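Presented below is the structure to which this report refers.
The values are calculated or read from the model by the stated rules, or taken from the named source; none is laboratory data. Quick caveat, the model's predicted, so the values are computed rather than measured. FYI the Cβ positions are ideal-geometry reconstructions off the backbone, even for glycines, and counts take in every protein chain you see.
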């Protein structure tokens, strides 16, 4: 039931992203709305994929690379994306561009913390 709720909320966010992209015909919000919708559709496909996993195995909902170098590289990309989103938010002339920039920055940095948590979880399990 929890997965159904997640899928419904993410589907609504995708629709909001498409509405934003349709209202603004150029600039960051136009492409950001399409990017948000694409990410939400990807997330819904991940939910569908998890529904068909074997009972004993669950794939991660948000993918994290297994190698340390992969996590470091992806973490660096996420930090740069967060910084770029903050610059876009600071240059925002309208309220929507500012809030979308802050949202993208926050999500990028939450993913960085997930990568850090995966690194600590892996090192803890190897020690014991």
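Here the range 92-106 is the region considered, the condition is being within 15 Å of the chain's Cα centre (by Cα) and either assigned by TED's automatic domain parsing to the domain that holds residue 7 or surrounded by 15 or more Cβ atoms within 10 Å (Cβ to Cβ) (or both), and the residue that is modelled with the lowest pLDDT is 100. Of the residues making up the range 69-91, those that are under 23 Å from residue 16 (Cα atoms), without any contact (Cβ under 8 Å) to a residue 60 or more places away in the chain and surrounded by 15 or more Cβ atoms within 10 Å (Cβ to Cβ) are 81, 82, 85, 86, 89.
May I ask you to list the residues in the range 17-34 that are within 12 Å of residue 100 (Cα to Cα) and loosely packed, with under 15 Cβ neighbours inside 10 Å? Hit for the range 17-34 is 31, nothing else. Determine, yes or no, whether residue 84 is touching a helix residue (DSSP H, G or I) at 6+ places or on another chain (Cβ under 8 Å) and either assigned by TED's automatic domain parsing to the domain that holds residue 11 or at pLDDT 75 or above (or both). When the stated conditions are applied, residue 84 does not pass them.
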